[in-house]
Structure formats: C-alpha cells, structure tokens
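What follows is a single structure, written as structure tokens, with notes after it.
What follows draws every value from the coordinates through simple rules; no lab data is involved. Everything numeric in this text was worked out from a predicted model, so none of it was measured. A quick note on method: Cβ atoms are made from the backbone with ideal geometry, for glycine too, and the neighbour counts reach across all protein chains shown.
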There are 2 protein chains.
Amino acid sequence: MTEQTKVNADLQQERKKCTFNITELTNFIDGGPHMTEERRKREEKVLKEGIHIEEVPSEYLSHKEKYELAVKKACMLFKLIRRWQEEENTGMESFRAVLGGSLGSAILQDGSPLTLHYVMFIPTLMGQGTVEQQAYWVGRAFNLDIIGTYAQTELGHGTFVRGLETTATYDPKTKEFILNSPTLTAYKWWPGGCKYQFLFNDHDGTYVNSPSSKLTYGTMMFVRVVLVNDMCNYVAKAVTIATRYSAVRHQSQPKPDEPEPQILDYVTQQHKLFIGIATVHAFKLSADWLWNMYNNVTAELEAGDLDRLPELHALSCCLKAVSTADAAESVERCRLACGGHGYMLASNLPLTYGHVTAACTYEGENTVLLLQTARYLVKAWQQAAGGNTLTPTVSYISKIYAGRRSPPWDNTIEGIIEGFQRVAAGKIGLSVTNIEKRQKEGMSYEDAWNMTSVQLSQASESHCRAIILSTYNEEMKIQAASASPELKKVLFQLVDLYVVYWALQRVGDLLRFTSISERDIEQLHRWYEDLLVQLRPNAVGLVDAFDIKDEILHSALGAYDGRVYERLMAEALKSPLNAEPVNRSFHMYLKPFMQGKL
Amino acid sequence: MTEQTKVNADLQQERKKCTFNITELTNFIDGGPHMTEERRKREEKVLKEGIHIEEVPSEYLSHKEKYELAVKKACMLFKLIRRWQEEENTGMESFRAVLGGSLGSAILQDGSPLTLHYVMFIPTLMGQGTVEQQAYWVGRAFNLDIIGTYAQTELGHGTFVRGLETTATYDPKTKEFILNSPTLTAYKWWPGGCKYQFLFNDHDGTYVNSPSSKLTYGTMMFVRVVLVNDMCNYVAKAVTIATRYSAVRHQSQPKPDEPEPQILDYVTQQHKLFIGIATVHAFKLSADWLWNMYNNVTAELEAGDLDRLPELHALSCCLKAVSTADAAESVERCRLACGGHGYMLASNLPLTYGHVTAACTYEGENTVLLLQTARYLVKAWQQAAGGNTLTPTVSYISKIYAGRRSPPWDNTIEGIIEGFQRVAAGKIGLSVTNIEKRQKEGMSYEDAWNMTSVQLSQASESHCRAIILSTYNEEMKIQAASASPELKKVLFQLVDLYVVYWALQRVGDLLRFTSISERDIEQLHRWYEDLLVQLRPNAVGLVDAFDIKDEILHSALGAYDGRVYERLMAEALKSPLNAEPVNRSFHMYLKPFMQGKL
C-alpha cells in the first residue's frame, strides 16, 4: 500500500461494487440532506476542539485517573455546548448528539457523567413540576447551574418503588428536606452522574400532584423511547466495525488454487452481520414510530385524555426489553465475528457491548418489563373474549380470536407478519388458559400468574416481534416511497431479510400456531440464503451509509480507510508496557524465580 | 443480624430445606470423598499463603500495575508449587488446580501468565518431541527453568495455519534458528504468556516427523477437552453467585398482604438459574466421557491404530464450540439475573463472562469448528447411504437412515433424546441434499458447501446436542448407581430439567423432524414448570455442593454467608475514590465550570 492509495484496496473495491447511492441512504437515515449536513457540521465543530484526543488511551489509566479524565472532558464538552447556546442559540439536537451513543461516545467512551442530569432529572422536572417550579428550575438545570441525578435505587431495593426505605421529611423551620436512610439496605446506590442534589423543592414541602398520577410514568416512558433509538446507534457502530473488518480480513483457502478469500465471502459471516444491518433500520423505524406515538399520547394527556396511556406503557416496556436484548446479541455477535481482534479493546466492540448489555438491566429490568406488557396483553385477550374493540396495536388479537382456525399459510412478507400475530395471540391465549386451569386447581391468581410467567414473558416477546416486523415493513413503505429505485430495492431486501430471518428463528412458533409446512420452511431457508447473496455486494456501502466518523467508531478494525493492521500495531504501541523494552517485573520477579532465587 | 448469626437468615432457611446430603453431592462431583479431601487441602494450603490478598482490588490499578502484580503473583504461586514438588512430590492435580478456572482464579483473576506454558507448550513437547528431546526439555519446562508459549497467530493470520508468513530457518553455523516476520501482517500476535522463547530445538534443524502427521492435532484436541471441563467451573461459579444472591434478595410484592418474596421464588428467575445448575452436571459428565475417549484414542494411536481419530476430532470440535457458547450464555444470564448488582465488578460476574466468551474464539473459532464437525457428519451420512457401518457416536444416523419414517412420539427422556438424534440426522440429510442440488445447478462443491454452511453449522450443533443429552443421561445412570435415593432423585430431576429445557428450546426442530404434537409440547411446558417447583427447595443446596470457596468465588453477591449488602458496601469503600471526601476533579473542573469560570 503506497501513500497514494491510503484506503485499503479491498474496501475501495467494495465501494465500487455498491449498486445504490450511499449519500442518498445517509440522507434517508438522517431524515433529509439538510439533517445530514447539520449533523456533520455539529460533529466537526465538536471534534475540532480536540477534547476527545487522549495521549495515553484511558484503558491504560487507573480507575481514579479515568474518573478524573471523564469529569474533565465532560466539563469541557458542556462548556462548548453552553458557548454555542449563547452564541448561536442551538437547539436540543446538540444535547441529544452529545448524550446519545453517537457523538458523545467519541469524547466520553464510558458514557457521560452528565447524562442522567439531562435524560432523567430535567425530564422529571418538566413532567412533574408545576408551572412555577418549571419556570424557576428548568432554565437553571439546562444551563448547568445546578446538576441533578436520579437516585431511586437503594442498596437493597430496585424495581419495586414502594419498597424504598429512604424518607424525605420537610422541616418548615429551615425550609429544607431532611433525608434519612435508616438502614444499610436504604443506602442510595447507582445514582449515576458525578454530583447530585436532591430536588424536592415542591417550597412548603407538600407534594403537588401532577394532573394525573399516571403522568409519573412520563419520565420512565420517555427514557425507554430514547433507549430504543440509542440501541440503533450502538448496533450501527458494531456492524460497521465488523463489516469493514470482514472486507479487509482474508482467511483460509476453501479452493486450493485460489487465494484466501475475504471473510465477508463466507455465508456464515454474512449470516452474522447482515441481520445486524437490517436490525438498525428496523429499530430506527420502530423508534421513530414509538416517538410519534409518545408525542401524540402526551398531547392527548394534556387535553385530559388518558385512553392510550396503558397501550403506550405496554409498548414502551416490551420494545425496551426486546430492543436492548437484540442489540446486545447483535453487538456480541459482531465481536465474535471479528475473532481475537474483536476481543481487543482497540476494536471498541467490548466497550460497546458493555454499554448495550447494561441497558438490559437499567430503566426496568427486561423480564419485569416483558411481564408488565403481558398484563396488558392478558387484559386485551379478556376484552376480545368479551367482544370489545381493542386499541390499534393489539387489535390483531380480536381478529384472530374471532376466526380461530389457521388460514392457509402465505409464504410472503405479509403472510409471515400475519403468522407472527397469530403466534402472539396463540401464546397469550394459551397463557390465559393455563392461568385459569391453575386457578381451578386451587391456586391464587398471583401464584397461577407466577407459575405461568415463563410462558407469559414469551408471549410478550412474540407480541413485540409482531409489532416490530409490521412496523418496519409498513413504515418503510411510507418512508421509502420517494427513494430512487436502486435504493428502494436494497431497503426492501433488508426488510425481507429481517422478516425471513425471524421466521426461521421462530419456526417452532410458526409450526405450532400457523399452518406453515416443511416445504414452506425449506423455501424460507433458500430465500434467506438468496438474500445474503443479493446483499453481499452492498454490505460495505450499507454500513458506510450509517456515516459514523472514525473518531466516533473509535476502532482499529472499523476505520473508513480499512488500514486494520497498521492501526492495531499503532494501538499496541500506545501501551505503556511497550514504551520500555523489558518491564521491571522481569527483573524483580520472573528472572529471580527462574533462577530459583526468588 | 447479630454477631452470633453471621449467616444470612434466608440462606440458613434454604439450607435447612435441602432434601439431600450436600456433602454426598460434593463427593459425587469430585469423584469420591478422598478427592474432595485432597482438593480442600490443596486449596487451604494455597490460600493460607495469602498470595491472593489485594489491599486495593486490582480493578482500580492502571494497566501496567495490573500486569506487574500478575507477574508477581504468578511467580509466587509457582514458587509454591515448585516447593511442594520438591517436598512432597505432588502430582499433576496441583498444576491443573492452579491453571484452571477454580483455584487459580482466586489468585490470578485475569488468568495466569503461565497457563499457555503448561497447556500448550508442554503438551506440544510431549506430543511432538522425539524421546531424546522430551528427556532433555520436558523436565526443564515443568520445573520452569525455561518458559515457552504458543505463538501461532500472526497479526493477519489465525485459523489457517498454511497462511502463516513467519519463517524459521536453521543456521548450521550458529546452530540457531533465524526467525523472520517479513511483513506487518506476519507479526506474532496474541502469544499470551509473559515471556516467550521459540523452541525449535528439533539440533541439526531438520524437522523430525511425528509417528503420524495426524498427531499434530494432539495438542489442540487436548486443550479442547480441557476447555469443556473449564466451562463447568465457570458456570458453577456464576450460578452459585446468582442462586445465593437470589435467595437473599427480596423484591416486589405480588400479594398485597405479604412481604416482598425472595427473588428465587419467581419462576422466571428459576428458569434463568436452574438450567445453569443442570448445565454444570451435563458438561461435567460430557467432559469426563470425552476425556476417557481421548485417553483411549491416544492409547490406540500409540499402538498404530488411527481409526477413531477423526471421530474424536469431530467430537472435540463441536463440544468445544457448544460448551463455550452455552457457558457464555449461561454466565451472562446469571449476571442479568442479578440486576444492577450483577453488573458491578464486585459480583465477579463480568470478569467471569469475559473469560468464558473469550473461549468462544480461541482454540478454534466456534463457527469454524462446527463446520469441521459438519464435514465429518456429511461423510458419515454418505457412508450410511452406502450401507456402511458407522463409528459409535454417529451410528444413530444409519439407524434413522434405514427407517426414515418418524415413529410415534414418545414424551419421555429417552424419547426426547431419540428425537434429537432424528433432528440431527434430518438436518445433516437436508444439508447434503441442498449441497447436491446446488452442484446440479452448476456450483462447485466448495461454493455449494459455502452456500449451505448456515444449515451445516446448525446440523453440527444439533448433533452435539444429541450427544450431550444422551451422554448426560447415560453417564448419570452409571455414575449415580450407588448414590443415596435422596441424592439420586435430585440428580435425575436435573437430567429431566436439562432434557426438557432443550426440547422446549428446540421445539421447532422437533416439530420438523419428529411426530411431536401440540399436546406433547403443552405437556412438556407443564413438566418443565413442575420440575422448577421440585428443584426450588434444593437450589441453594445444589450450588453449595459445588463447594467453591469464597476466595475462589470472589463475589460480594455469592459468598457462603450471604451477607450481600455488607460486602457490597465494603467493596465500595475499597475504591480509592471513596478514600477522600471530594475528588480533586470537583475543584479543578466541575466547580469552576458550574460557576462559569472554567
């Protein structure tokens, strides 16, 4: 490779093969050319400040040094944003960009110490404060004159809010709240954020009720909706890294007379990666759709209409659970697809996995959330049984309830999606039957629920799959309507891949609850394998279109130029251990030990 | 909790409920009371030296400090072993204990820098050296007068050995090998071990062939066999931690008038944990069985009989792949089952996951290994088609090939195992059909293989499942023959749980390739749920029987006394950040930033 051809030859070749306009897809993802331009400008502006540059990568530092560096960087970053706000009156997008999984992670790889302030503290003020309180506090919080956190969890208490032990008692004399954590298990734990202040400035100490007690869910739902979107960013990163690396890496020699192929040419590798690309689009459209619904429901709430709140709650629960679990699996699969190099911190895949898998636990543990959705689904089933009309996202239940017999299987995208609805309805129905059977055997409802909860959580997951599959397909039809024919073709190949992939993953469910046959399944396998072949030439183009800057990817394996080995070597040389020919531990321990003198 | 009742009350209660003798099970796992006694003595002897004690947990140190500490500890540890060898002539068990996932991990949590020396370097000397070479080198290596490593991987080359670029040329003048890594991609990478020497002292530089070129596989197979056993240790650790924590932790209030239940009482939690307990036993018996087969085949090899070598190779490949993948899933599930506390390093679950998931990549990447087994299975299928007799572990293929129609489903353990054999045979057959079909369409064999490789790797996994299920069941019948009725009952509940769990996981496969019905599946669900209820009172007893000392578990959540919150608090106080009331970063960055003075 000479100085003139700085991009790896394989990647150049891949980019030539691409059948669609990469910029068109980037614009499509961003929501228009204007949005792409704004995002890029913002990224350049932040990155040119150089806050992200580390002389010694922070992975080599001690815990304390890492902490101090993170506080320093966070202050520098938000100082910059504060300056913009003053100079240019930039909007919320600047905050979202530096708090989310994209731009912010270029600067603060372990996450920002100020994230909770913005995604929990401020939304709580806005969702639950009175108008007067908001007028006083929200501006100060945005400007970081005060920094708050969200200190719900206690050492011995998590999900179950009523179990919390800490009390806050108002003292009218001092006009202060007296906080009391009476036991070891009452200690506040995981408050996140680097400095926190309790904000119970409700002035006379009485609690002012929100317009509805249900509004308390607002903050949590908001965060869950944001989380689904974050998952897109993480999966997009991981799959960009793994796909580019797979185009550069050559391995083995299946045909004796030919050179070692790119590992991207192995179908098992395509099987690991392409579903990740499709997942980004599926989650993106689902997150947008959920975001719209969130805004609509919030508007309805303000008008006093609470009808769709339980539905939104049920949706945000299962979408949070399924998107985080899928994202974790997808990122880990990308890491495993990069072999030993994927295990290195320099790939940035282990850290990305750490962020994503944490999301399976925080903001509502996934199993707990699936069971929350299950409660809603069981109610919906009972309503359908009573002949009532159901809200839109569960209306399929009454349709299927009405005509219980499986229609002939339709081996198309629409047919598969309908099959998934049939699976979800079938599993909900079966769970209800089992609960009732157990009650008849003498169990309490709570015990019968508990005994059936593995099946209930699986029913909930199936419901969520049906939602994601149909949303992805339907929203893509709308969004891609004005795309060029070349792009449209690839976008729908991804939809097909996603739907067929999940049909094959859940073939047992389909066999139980629909009339799919062995012949249909074999056709699906073939269809899936053909889709991998069709997508292969566009793989690099598809991840290029995510348009993630090298500073944000932060990966020796995934950089745009594909100079994987040069970058790995450069990273290894940054290790303080490689700054000296022999570490002192050799002279202190190993040499005397080998000579029997230790 | 007073000083007198130092063990958490819930755990005391759990131990009282246990229906079998915990010591009997520990002895069963160790292979007899004598073995338990020896192991415990060894552990006490090592631990009383105090090498494992860290004033500041190493997670707070810098990379370089961690490295230096690991070298120091490794030298201290092996100095101890060397002393024992001289004083007491202890055997291989001492090495295995300090190198494996159990005792060694108490001292070197990131793994021992000398592991590769023992599990790769010495076995290679023993497997491939001439008698003269062995006489000269093996003793020196065991005594650590020389330290070797296994430096196969290069920056640009992994699995494909023929692709390696580094050359070793013998110089008769100096009687030395001249090593040459001509390019960037030829750099030796991942040599592991803290200091390495190439050992090409084959004296005149010519390569002396092993008795068979196939013996070269010896070292690799040995390591894979050892790995399956290591996976037991890791899963046993993780499930001990998560089960004890789940007995101590209380959460939510499903019944309004009752206190918060132990989270172990939630069936979804039992679903996450009990399969982990069963997995340990299933892997342990499979590993022992594979180890016996390895020794038999090695003995046959020495007698010049190579017949069973390909079968052993195929088995060690798929068992390595499936056991590491299952172990990773199991450990991660345990971590997720412990909520936010499981995410803390102090739980020791994240580090355990790091070790286990690494094993999915090293010693043969899992997908590559599954496809190695698939080659063997395709050959076996073709032999069955030709009417030939097959070696024992694939003989089920000819049985099924001969009578292709599915017999009526038998909803028993034996029936399910036969069902899994039918699934494996069915998938192998379908893969062969698809390869042949693609060849008829004009593809080369290699391309047809590649296009079918997703299905092939799945067939290989199904074969491995059938092997593990039947080995677990059959070996347990033999091993547990003389156990007490109480213990036997629990051991077979675990076998049932394991088999039924996997039947439900692979219900799609069973529906495709056997005559299982919806009614059978619903019975399996019920059977599974009943097994969880039966195992519930013995959960803590079952993990206690793994008899993992607190120093080895190294977990605030999993200690024998269950004082989870005290330990979590104590761990938090060890952080250097908590040794000072306010970190300097507040004064340096955060305060000036909030005041607008940064």
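A simple packing score, the average count of other Cβ atoms within 10 Å per residue, orders the peptides B:321-331, A:531-541, B:115-125, A:583-593 as B:321-331, B:115-125, A:531-541, A:583-593, with the highest score first. Expressed as a fraction of 2.2 N^0.38 Å, the C-alpha radius of gyration for region A:247-351 is 1.61. Calculated on the Cα set of region A:320-478, radius of gyration then Dmax: 18.8, 58 Å. Sorted shortest first, the separations between the residue A:569 label point and its copies elsewhere in the assembly read 5.5 nm; each point sits 7 Å from Cα along the Cα-to-Cβ line.
Counting from the shortest, the label point at residue A:33, 7 Å from Cα toward Cβ, is 8.5 nm from the same position in each remaining copy. Seen from every direction in turn and averaged, the convex hull around the alpha carbons of region B:85-148 projects onto 4.7 nm².
Protection proxy ranking of B:174-186, A:167-179, B:511-523, by the mean of other Cβ atoms within 10 Å over each peptide's residues and highest first, is B:511-523, B:174-186, A:167-179.
Computed from backbone phi with θ = phi - 60° and the Karplus coefficients 6.51, -1.76 and 1.60, the 3J(HN,Hα) list for region B:469-476 is 4, 6, 5, 4, 5, 5, 5, 5 Hz; x is used for glycine and proline. In order along region A:439-444, the phi-based Karplus estimate (6.51 cos²θ - 1.76 cosθ + 1.60, θ = phi - 60°) of 3J(HN,Hα) comes to 5, 4, 6, x, 7, 5 Hz; Gly and Pro are listed as x.
Per residue of B:336-344, other chain Cβ atoms within 10 Å of the residue Cβ number 5 on average. Pairs exceeding 22 Å between alpha-carbon atoms, taken from A:41/A:488; A:272/B:320; B:320/B:477; A:64/A:574: A:41/A:488; B:320/B:477. Closest approach of a chain A Cβ to the axis relating A and B (residue, whole Å): A:508, 1. Between region B:310-364 and region A:340-361, the alpha-carbon centres lie 15 Å apart. Put a plus charge on the Cβ of each Lys and Arg, a minus charge on the Cβ of each Asp and Glu, and nothing anywhere else: the dipole of region A:475-524 about its Cα centre is then about 120 debye. For the peptide A:156-164, the mean number of other protein chain Cβ atoms found within 10 angstrom of a residue's Cβ is 4. For the pair residue A:523 and residue A:492, what calculated FRET efficiency results from E = 1/(1 + (r/R0)^6), where r is the Cβ-Cβ distance and R0 = 25 Å, to the nearest 0.05? For R0 = 25 Å, the calculated efficiency reads 0.85. Quick check: net charge around residue A:348, other residues with Cβ under 15 Å of its Cβ, Lys/Arg +1 and Asp/Glu -1? Neighbourhood net charge equals -1. Taking the average, over residues, of other Cβ atoms within 10 Å as the packing measure, peptides A:24-32, B:422-430 rank B:422-430, A:24-32 from highest down. Looking at the square roots a ≥ b ≥ c of the eigenvalues of the Cα gyration tensor of the protein assembly as shown, which shape do they give, rounded for a/c under 1.5, prolate if a/b is larger than b/c, or oblate? The shape class here is rounded. In nanometers and ordered shortest first, the copy-to-copy spacing of the residue A:591 label point, defined 7 Å from Cα toward Cβ, is 4.7.
Computed on the Cα trace of chain B, the radius of gyration divided by the Kirkwood hydrodynamic radius gives Rg/Rh = 0.99.
Peptide A:584-593 shows a mean partner chain C-beta count of 6 within 10 Å per residue C-beta.
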